[in-house]
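Novice: After the structure tokens below, expect a handful of questions from me.
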Amino acid sequence: MRTPGIFIFGMVLAPCGWILELTSTVAPGWRTINNIPGESSDLVLQQGLWDICRTFTSSRDILCNQQDTQYFSAQIIQIARGLMLASLILNVIAIGVASAGVRCWTDTPQWTVAGIGGLLIFISGVLTIIPVAWYTHIMTSIFSTSTDIRVGYCLVLGFIGGIMEVLGGLVMSIGLCRRCDGRKRDQRPRTNAVKSARDPSPPHRVIVPSVISVSSASSASSVPYYSKQSEMDFTRAKTQQDRPVNTAYKAQPYDSDL
């Protein structure tokens, strides 16, 4: 059977969102700090959930595994770690459940299983958007040695990945509503069939009009019956009999006849 379009839409967006979430989780690019006092002017500090890297714009050198106790001890960092990991794990489970329901090698897809998988994908996207939005809101209030704080690329990837999962899971969740409608449709004919079996309705009487011949109808009625054909024959005969004949006319020969 052909796979429904809503399942194809969800199964494409869910893995794409998961890849963007994974990149956003492990990459040290949630925010960038420029113009750090006491440091080189070309130094850019990239901070993420698990790592901090020092990059230099002039030489393009990158030094990772930098330690910052005050930054990693912030409450938002601990919560964002837990939510992002939970979102990644839940998304993998959701894709597995949805794949079992979307199987295109069966006659009909399992709407309930695929809908549950879509609901899990939707929750996974919500778990990603919450820490990303929260971090963006309080980004400037987290401890930093500089006031020149900018949004990192990981926040953008996290937003895109979360939205993709939310949309894909929401569309796949329609399968639950489709399943409920299908059950109602299946139950209606069965109910009507049981009702008709228990209380059969009497057969309908069909009245067939009787056909009466013209001869019997004319004999039973006191009014004489004239058909249209007989009336036309009578008119033609009368016309031919009443036609005047000019007896005074006598045909004479013409010169051309001689």
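The values are calculated or read from the model by the stated rules, or taken from the named source; none is laboratory data. Everything numeric in this text was worked out from a predicted model, so none of it was measured. So basically every Cβ, Gly included, is an ideal-geometry build from the backbone, and we count neighbours across all protein chains shown.
Novice: Among the numbered criteria (1) aliphatic (A, V, I, L, M); (2) surrounded by fewer than 15 Cβ atoms within 10 Å (Cβ to Cβ); (3) part of a strand (DSSP E or B), which one does residue 33 miss?
Specialist: (2)
Matching residues to (1) buried (at least 20 other Cβ atoms within 10 Å of the Cβ); (2) modelled with pLDDT of 85 or more; (3) among the aliphatic types (A, V, I, L, M); (4) on the phi < 0 side of the Ramachandran plot:
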{"position": "2", "(1), (2), (3), (4)": "no, no, no, yes"}
{"position": "12", "(1), (2), (3), (4)": "no, yes, yes, yes"}
{"position": "17", "(1), (2), (3), (4)": "yes, yes, no, yes"}
{"position": "27", "(1), (2), (3), (4)": "no, yes, yes, yes"}
{"position": "39", "(1), (2), (3), (4)": "no, no, no, yes"}
{"position": "46", "(1), (2), (3), (4)": "yes, yes, no, yes"}
{"position": "49", "(1), (2), (3), (4)": "yes, yes, yes, yes"}
{"position": "60", "(1), (2), (3), (4)": "no, no, no, no"}
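Novice: Give just the number: which of (1) within 23 Å of the chain's Cα centre (by Cα); (2) part of a helix (DSSP H, G or I); (3) surrounded by 14 or more Cβ atoms within 10 Å (Cβ to Cβ) does residue 96 not satisfy?
Specialist: (3)
Novice: Still on this model: When both residues are 6+ apart or on different chains and their Cβ atoms are under 7 Å apart, which pairs have a first residue that lies in region 1-20 and is among the hydroxyl-bearing types (Ser, Thr, Tyr), and a second that is part of a helix (DSSP H, G or I) and at pLDDT below 85?
Specialist: Every condition considered, the pairs that remain are 3/102.
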